[in-house]
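Since the structure comes first, as structure tokens, the remarks are kept for the end.
Values in this text are rule-based calculations from the coordinates and carry no lab data. Everything numeric in this text was worked out from a predicted model, so none of it was measured. In this analysis, Cβ positions are derived from the backbone assuming ideal geometry, glycine residues included, and neighbour counts consider all displayed protein chains.
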Amino acid sequence: MSNIISEIQAATVEVVNDLYSAKLDLAKVNVSATRKDMEGDYTIVVFPFTKMAGKKPEEVGEELGAKLVEAHPHISGYNVIKGFLNLSVADDYWLSVLGDIAADADFGKNEKKEDTVVVEFSSPNTNKPLHLGHIRNILLGWSVSKILQADGYEVKKVQIVNDRGIAICRSMLAWQKFGNGETPESTGMKGDHFVGKYYVKFASEFSKEYEAWQSTPAADEAFENREKKYQALDKTAFIKEYKNDYFNTHSALGAEAKAMLIAWEAEDPEVRALWKKMNGWVLSGFDQTYKTLGVDFTKLYFESDTYLLGKDMIADGLAKNILTQEDKRVMIDLENIGLATKTIIKSDGTSTYTSQDLGTAQLRWDDFAAKKMIYVVGDEQIAHFQGVFEILKRMKAPYADGLFHLAYGMVDLPTGRMKSREGTVVDADDLVNEVKSLARTNLTERGELEVLTAEEKEDIVHRIALGALKYYILKVNPTRRMVFNPEESLDMQGDTGPYIQNAYVRIQSILRKANPDGAALTYSYPSLAPVEKNLIMLLSSYPSVIASAAAKYDPSEVAAFCYALGKTFHKFYHDMSIMKAESEDAKNFRIVLATTVGKVLAKGMDLVGIEMPERM
């Protein structure tokens, strides 16, 4: 299918060079969609041509417009407003474009690329359920993966499960001390929720222990002998700030948790057996949540397998003087990128997340030979990934130039932030269930699904609720912090998933009446209404939307396209009759147009992970 913007750019270069004996660079031809309050389809900014023409912008616009109409078969007219040349494209071109899109089952899939891309997302800890923040991470990673696939890449979807460390031991210790042998099966709880309960239990018991300690002589002594960083604090402020240090120096629970971690690293069979059992509970729970969200992975990596990786790379870095060492501590000076010295191996010889990420990147290269790796991780880790990427560049890793941190902003609820240790996290399952409940209530009140079975109704509720949740989150640029409002996400008017789904449902309702067999239709329809042309123009832009969203790793561009297409179809539905069209040709044309819009809407919404219902 031809690209009219590229054609206009090329024709403009040819005409300008011919008119003004110039050597115009294609990059200086700025073509964009014409503003809605102006006549025309595409606008050329003529200011860059005035110097080579030696004429005023209006004169250049008139000369260029007349020549383009004369030289280009698809340009049917023009007008000039100051330094802007507005071009109209002939209806027969748009009719041809619609025919091409309608006939192309793979429309929107861009040319296959040789590169493989690894997208890492989710990567939770196995001590608590997935929560609202994970939902944004998961939806971003899944959508970026789908968009990159549509843009021609081979994509590998991975996560690294953080299944070891002191946080995991806190849950294990709490279950061991307070669980009395209960299990997810005996309590009827989902596995990740069950283990998360004991993470919160540890925090609760630790807080009690810390509160009791505050009135002891040991607390007075700790305050009197406080470190330099606490010198300016009074006793109350000191107690508030000292909690983490207390865990590491005085806490009995802290000592037990650290002893458990040491035993785990020493491969104590009893501790390892408990760890495997509780991790199994959590991973089973995660799988259920992923299934609900419609997400899967090519490969899972586990921190328990990867935390010792990177040692060979570190040894090589030391040999090449890329890294430096003081006793057991290994570090690198990152002042050249505005960061402080970064520790890679701690002074006690234990690994850090940096050493693990170095080794995991190399492991993924060994697994997939992927020169592009996208890390979907919150923006609080920007400095960490800047450091990791810089180290890999200095080490001349073959994939170093293709590393990208998709740093997304936090997501809150209207009620505010969440705190996992206090048990106030809004977990993913509860949030999905809440949106489903709201969707079910809305549909029941409208009474439009009474003819369906309970199973059919529940499928529609699921699609609408997940569509509302996913669209509301993904329509926001990833870099922005956002608030998720469940009620707003289900609004049937405005920029929401259900509003776009409703456009698709309207189309399916029309087709069930107008073309139930999906027959091939012919028509002669020489003159397009503005809204009909707008729909075809939007449809034609879909491949370029995918390419742009893939280049920026930004699903919000696809979401915005779907909203624009759905909104324009709703206007078309309101303004133009299909079943009572003025002629059989007009009816057939509008059926084909509606069918094609439905097809592309479904494709676009699939890229943001949303399934379309047939009814709602």
- Query: Roughly what angle does helix 454-474 make with the longest principal axis of the chain, taking Cα atoms, 0 to 90 degrees, to the nearest 10?
  - Reply: 90
- Message: Taking 0.36 nm per residue of sequence separation and subtracting the Cα-Cα distance, how much length would be gained by fully extending the chain between Glu614 and Thr236, in nm to one decimal?
- Response: 130.0 nm
- Query: Any idea what angle helix 555-575 forms with the longest principal axis of the chain, computed on alpha-carbon atoms, 0 to 90 degrees, nearest 10?
  - Reply: 40
- Dividing the helical contributions, -39500 (n - 2.57) per DSSP H run of n ≥ 4, by the residues of the chain yields a 222 nm value, nearest 500 deg cm²/dmol, of -17500 deg cm²/dmol
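Excluding Ala383 itself, calculate the net charge of residues whose Cβ lies under 12 Å from the Cβ of Ala383, where each Lys or Arg counts +1 and each Asp or Glu counts -1.
Net charge in that neighbourhood comes out at -2.
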- Using only the alpha carbon atoms of region 4-89, find the Kirkwood hydrodynamic radius as the inverse mean reciprocal pair distance, in angstroms to one decimal. 12.4
- Query: Between the DSSP loop rule and a limit of at most 11 other Cβ atoms within 10 Å, which trypsin sites (Lys or Arg not before Pro) in region 87-172 are left?
  - Reply: Lys112
- Paramagnetic reach from Lys82 in region 16-45 [backbone N under 19 Å; point 7 Å along Cα→Cβ]: 30-45
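Going through the cross-link list Lys112/Lys371; Lys190/Lys552; Lys128/Lys208; Lys112/Lys603; Lys28/Lys56; Lys190/Lys299, which pairs have a Cα-Cα distance over 25 Å in this structure?
Lys190/Lys552
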- Within the chain, the percent of DSSP beta bridges that are antiparallel, given to the nearest 5, stands at 50
- Could you tally the net charge around Lys258, taking each other residue with its Cβ under 14 Å from the Cβ of Lys258, Lys/Arg +1 and Asp/Glu -1? -3
- Computed ³J(HN,Hα) along region 356-365: with the Karplus parameters 6.51/-1.76/1.60, θ = phi - 60°, integer Hz and x for glycine or proline, the list is 5, 5, 4, x, 5, 4, 5, 4, 5, 5
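Ignoring the sites themselves, what is the longest stretch of the chain with no GluC sites (Glu not before Pro) in a DSSP loop and at most 14 other beta-carbon atoms within 10 Å?
Details: sites that count: Glu39, Glu111, Glu114, Glu182, Glu227, Glu267, Glu422, Glu448, Glu450, Glu582, Glu614.
Result, exposed sites excluded: 268-421.
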- Query: Which of rounded, prolate, oblate describes region 311-350, given a ≥ b ≥ c as roots of the alpha-carbon gyration tensor eigenvalues and a/c under 1.5 marking rounded, otherwise prolate only if a/b is larger than b/c?
  - Reply: oblate
- Point-to-point label distance, Lys396-Ser509, nm (Cα→Cβ direction, 7 Å offset): 6.6
- Return the whole-Å distance between the Cα centroid of region 1-37 and the Cα centroid of region 507-527. 36
- Message: For a quick check of your reading of the filter: which chymotrypsin sites (Phe, Trp or Tyr not before Pro) in region 442-546 sit in a DSSP loop and have no more than 13 other Cβ atoms within 10 Å?
- Response: none
- To the nearest 0.05, the calculated FRET efficiency linking Asp268 and Asn485 through their beta-carbon distance, R0 being 56 Å, is 0.75
- Query: Working out 0.36 nm times the residue gap between Ala454 and Lys552, then minus their Cα-Cα distance, what length gain in nm do you get to one decimal?
  - Reply: 31.1 nm
- So for region 148-288, using the alpha carbon gyration tensor with a ≥ b ≥ c as root eigenvalues (a/c under 1.5 gives rounded; past that, a/b versus b/c decides prolate or oblate), I'd call it prolate
- Message: What are the equivalent ellipsoid semi-axes of the chain, built from the alpha-carbon gyration tensor (square roots of five times its eigenvalues), in whole angstrom, biggest first?
- Response: 54, 33, 21
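Starting from 0.36 nm per residue, how many nanometres of slack lie between Val45 and Ala33 once their C-alpha separation is accounted for?
Taking Val45 through Ala33 to full extension adds about 3.2 nm, to one decimal.
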